[in-house]
Structures are given as structure tokens and as C-alpha cells.
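Please read through the structure below; I'll follow up with questions.
The values are calculated or read from the model by the stated rules, or taken from the named source; none is laboratory data. Note that the structure is predicted; figures quoted are calculated from it, not measured. Backbone-built Cβ (ideal geometry, glycine too); neighbour counts: all protein chains shown.
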Amino acid sequence: MFERELATTAAAMVAPGKGILAIDESGGTIKKRFDSIGVESTVENRRAYRDLLITANGLSQFISGMILYDETIRQAARDGTPFAQVLKKNGILAGIKVDTGAKSLAGAPGEQVTEGLDGLRERLAEYKKMGAMFAKWRAVITIGKDIPSDYCITANAHALARYAALCQEAGMVPIVEPEVLMDGNHTLERCFDVTEITLQTLFHELHRQRVRIEHSILKASMVISGKDCPQQASVQQVAEATIRCLRRTVPAALPGIVFLSGGQSDEHATAHLNAMNAAGAALPWPLSFSYGRALQAPALKAWKGQAANVAAAQQALFHRSKCNSAACFGRYQPEMEKEVLAA
Ligand code: 13P
């Protein structure tokens with residue numbers, strides 16, 4: 001069922017030069033973001049902020065889809081048009097985060113498993129009716145002393161596959177996101193090993209649970225040095241290690257891979273993606289972006305909760321989207337960063 005619709009949606013999500021904007025922060029996370037600019041996290045402030053991101057002009061050249069949060073997909077633009085419809089009108093696919101967050105994994109200190117499978121079939125049907133074309137589920141893998149455990153990786157892969165199968169049944173493309181966190185002092189090599197086993201386990205589980213790889217999108221974390229590792233890998237090293245790891249683990253049938261930014265600076269996230277695409281390697285899948293922080297950070301800073309700053313914030317979002325679109329072709333140049341200041 002939905003074979004053609006799923007294939008069309010998946011292809012559109014990773015169309016050449018386009019990526020996904022993640023604006024699906026949960027209540028706790030958006031409060032943290034608002035705290036950083038001194039804005040109170042009220043329902044209306046969250047609506048106004050998402051409004052400026054969703055209604056920004058011209059974004060569809062660079063952005064194929066936006067991932068919304070449950071509260072946001074139920075909200076509307078100032079003129080009363082539901083956000084999902086605004087996106088559709090602008091040629092952008094609406095997506096929805098459907099997991100209910102990472103919780104402590106019983107018997108595994110320091111590790112987490114993502115919840116949200118209960119009632120998921122019914123929730124997906126409702127989101128579909130509201131216009132969502134794809135969904136997202138994020139699993140969290142922490143690197144530390146003696147972790148991640150095989151138990152944690154397997155439990156998360158199992159949940160991701162159950163979610164993905166339900167999405168395809170509902171006619172929505174699943175973004176499967178096993179995020180290996182940057183937190184810690186681990187090396188690039190350690191991140192490589194953990195990412196490799198995580199992806200291998202995930203694709204094994206997707207296969208076992210009859211998820212069609214052709215109708216799924218992987219949201220991957222890059223193979224990168226831990227934030228506190230004294231030896232920080234170069235942009236080139238990150239690009240090479242990430243590609244090597246993906247080649248080993250990701251089936252060629254997958255329509256595309258999008259990266260999360262995971263706490264990298266916005267310019268770093270763009271440079272890494274660019275280096276991967278500039279390498280000119282013949283890869284079986286397009287490599288694009290699905291950034292949250294790395295696309296939103298300059299817009300959030302420009303906005304400061306003031307209606308008068310909406311245009312400047314939209315301009316900042318447009319610029320970051322343009323830089324990342326260029327990175328999809330390996331054509332990003334650091335000089336592009338000056339454009340927004342000149343404008
Ligand atoms: P970041 O790019 O800020 O990591 O967010 C992407 C995302 O959707 C995480 O689930």
C-alpha cells in the first residue's frame with residue numbers, strides 16, 4: 001500500500017540541493033532555546049516563532065520539508081491557516097515528530113530508550129489527516145565508559161523499526177534517527193565504531209520488521225570527535241570517516257541520508273556536509289541536511305521575541321538554508337557567510 005506515494009515523498013525529501021528544517025523541539029527543549037534569548041516559553045511565543053520559520057519567503061528552493069511538533073501541527077498562522085496547509089501552499093512537505101522522548105533504560109545506567117509506540121497507529125492516522133507526509137523518531141546513543149551497551153543499541157533499533165513499519169502502513173515516510181551523541185571526550189575512532197554498530201543493528205532490525213528501505217530516510221549523526229576530546233578531528237577527517245562508516249552500513253536502496261547537527265556550530269555543520277559532497281565520491285545516496293540548531297540559531301538570535309525582528313530572522317534562516325543547499329552540491333564557500341551581513 002501507498003508504494004507510489006511513499007516513493008514520491010521520499011524522493012522529494014532529498015531532492016537535489018534540498019534539505020529538511022527540524023523545528024520539532026519538545027516543550028523542554030524549546031524553553032531552553034527561548035531562555036538563551038530571554039524569551040518566555042508561552043504557547044503564543046512558540047506559535048509566533050514557528051510562524052516566522054514556516055512562513056519565511058522563498059525557502060522551498062532549499063528546504064524540502066519541515067518537521068513539526070505535536071503542538072505546532074495543531075497551530076495556525078496569523079491569518080488562521082493551519083501551519084501544515086501553509087507549508088503545502090509553499091511547496092514544503094509537513095513532517096511530524098512522533099516519539100515521546102528518550103527515557104532512562106531500565107537496568108542500563110546512563111542509557112536511554114525512546115518511547116512513543118503506544119497508540120502510534122492512531123496518532124499517525126490523525127497526523128496524516130492533518131497533512132503530515134513524513135514522520136521522525138529519534139533514538140539517543142550515549143558514548144561513555146562501557147557504554148553504549150548492545151542492549152541499548154538493540155532496544156532502540158527495535159523501537160525505530162516498529163515505528164518505521166507503522167509509518168509505512170499509514171502512508172508516511174519514516175525518518176529513522178539513531179543519534180550518537182557528541183557529548184564526552186571520546187575520539188573520532190570511538191565514534192566511528194559506535195556509529196557503525198548502531199547503523200548495522202538498525203538496518204538489520206528494519207529488515208527483520210519488514211520495513212521497506214526504499215521508502216525510508218536515515219537521519220544520521222556525523223562521525224565526529226567528542227565535544228571534550230582534546231584531539232578534534234578536522235573537517236576533512238570528519239567527512240572521510242562519516243562516508244566510510246555510511247558505506248559500510250547503509251543499503252544502497254535507501255533514497256537518501258540527512259544529517260542532524262547535534263550541537264555543532266552552524267558553520268561547522270555546513271562545512272562538514274560540504275566536504276562530504278565535495279569529495280566527489282560516487283555514493284549510492286544523496287547526502288543532505290536535517291538540521292535544527294544549525295539552521296535556526298542565527299534566526300533565533302535575530303528574533304529575540306520581537307515582532308519587529310521577524311524579517312531579519314527570516315533573512316538569517318534563508319541565508320543558512322542557502323549555504324546548506326550549496327553544501328549539498330559541494331559548492332559552499334566560507335565567503336558566503338558574508339552575504340547576510342551585506343544584505
Ligand atoms: P539538531 O540539528 O539541533 O541536532 O536537531 C536535529 C533534530 O531533529 C534532532 O532530533
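Restricting attention to segment 7-54, report how many residues are within 16 Å of the ligand (Cβ to nearest atom), in a helix (DSSP H, G or I), touching a residue at least 40 places away in the same chain (Cβ under 8 Å) and more than 16 Å from the chain's Cα centre (by Cα).
4
Just to confirm my filter: which helices (runs of 4 or more DSSP H) fall fully inside segment 219-329 and include at least 1 residues that are surrounded by fewer than 20 Cβ atoms within 10 Å (Cβ to Cβ) and within 16 Å of the ligand (Cβ to nearest atom)?
Where helices (runs of 4 or more DSSP H) fall fully within segment 219-329 and carry at least 1 residues being surrounded by fewer than 20 Cβ atoms within 10 Å (Cβ to Cβ) and within 16 Å of the ligand (Cβ to nearest atom), they are 266-278, 293-303.
So which of 170, 157 is more than 16 Å from the ligand (Cβ to nearest atom), under 19 Å from the mean Cα position of the chain (by Cα) and either modelled with pLDDT of 95 or more or crowded, with 17+ Cβ neighbours inside 10 Å (or both)?
Numbers: 170 fails: under 19 Å from the mean Cα position of the chain (by Cα).
Being more than 16 Å from the ligand (Cβ to nearest atom), under 19 Å from the mean Cα position of the chain (by Cα) and either modelled with pLDDT of 95 or more or crowded, with 17+ Cβ neighbours inside 10 Å (or both) holds for just one of 170, 157, which is 157.
Here is a further query. Does residue 178 qualify as being within 16 Å of the ligand (Cβ to nearest atom) and in contact with a His (Cβ under 9 Å, 6 or more places away or on another chain)?
Considered against the rule, which asks whether it is within 16 Å of the ligand (Cβ to nearest atom) and in contact with a His (Cβ under 9 Å, 6 or more places away or on another chain), residue 178 comes out as no.
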